[in-house]
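Undergrad: A single structure is presented below for examination.
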C-alpha cells in the first residue's frame, strides 16, 4: 500500500484532533467561551441597570425641575399679590394723609378767619370807643362829662370784648 501526502495530512490532522481531545482542549475552549459569554451577559446586565438608573435619575431631575419651576411661579404670583397689596395700602395711606392735611389746613383757615374776625371786631370796638370819646368830649364838658365819658368807654369796651 502506498501512502501519499494526503493520507499523511489527514492522519496527522486526526491525530492532532485526538491529541487535543485527549488533553481536554475542547473543554477549555468551551469553558473559555462560556466564561466570555457570561462576562458579556453580565456587562450587558450592568449596562441595562446603569441605563435604568440613569433614566430614573433623569426623571427625578426633570420632576425636581418641574417642581422648582412651579414653586418659582408660585413665589412670583405671591410677590405680585403682595406688591399689589402694598401699593394699594400705600395709596390708601397717602389718600388718608392728604385728607388729614386738608382737614388741618381747613381748621387752620377757620381758626385764622375767627381770629381775623375777632381782631376786626376789636379794632372796630376801639375805633367806636375813640369816636364816642371824641363826640362825648365835644358835647359833655366839665367834670361830669369826663366821668360819664370814662364810665361809658369802660362799659363799651367790656361789652365788646
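The values are calculated or read from the model by the stated rules, or taken from the named source; none is laboratory data. This is a predicted model, so every value here is computed, not measured. Neighbour counts run over all protein chains shown; Cβ positions are idealised from the backbone, glycine included.
Undergrad: Of all residues in the range 119-141, how many are farther than 16 Å from residue 154 by Cβ and either modelled with pLDDT of 85 or more or not in a helix (DSSP H, G or I) (or both)?
TA: 3
Undergrad: Can you tell me how many residues within the range 107-133 are within 28 Å of residue 149 (Cβ to Cβ) and surrounded by fewer than 11 Cβ atoms within 10 Å (Cβ to Cβ)?
TA: 5
Undergrad: Working only within the range 142-160, note down all residues that are surrounded by fewer than 10 Cβ atoms within 10 Å (Cβ to Cβ) and either modelled with pLDDT under 70 or touching a helix residue (DSSP H, G or I) at 6+ places or on another chain (Cβ under 9 Å) (or both).
TA: 142, 143, 144, 159
Undergrad: Could you please let me know if residue 63 is within 30 Å of residue 152 (Cα to Cα) and in a helix (DSSP H, G or I)? Talk me through it step by step, then tell me what you get.
TA: Values: within 30 Å of residue 152 (Cα to Cα): no; in a helix (DSSP H, G or I): yes.
No; evaluated as a whole, the condition is false for this residue.
Undergrad: Continuing with this model, one more query. Let me spell it out: the conditions are (1) in a helix (DSSP H, G or I); (2) touching a helix residue (DSSP H, G or I) at 6+ places or on another chain (Cβ under 9 Å), and residue 3 meets all of them except one. Which number is the exception?
TA: In the conditions (1) in a helix (DSSP H, G or I); (2) touching a helix residue (DSSP H, G or I) at 6+ places or on another chain (Cβ under 9 Å), residue 3 misses (1) alone.
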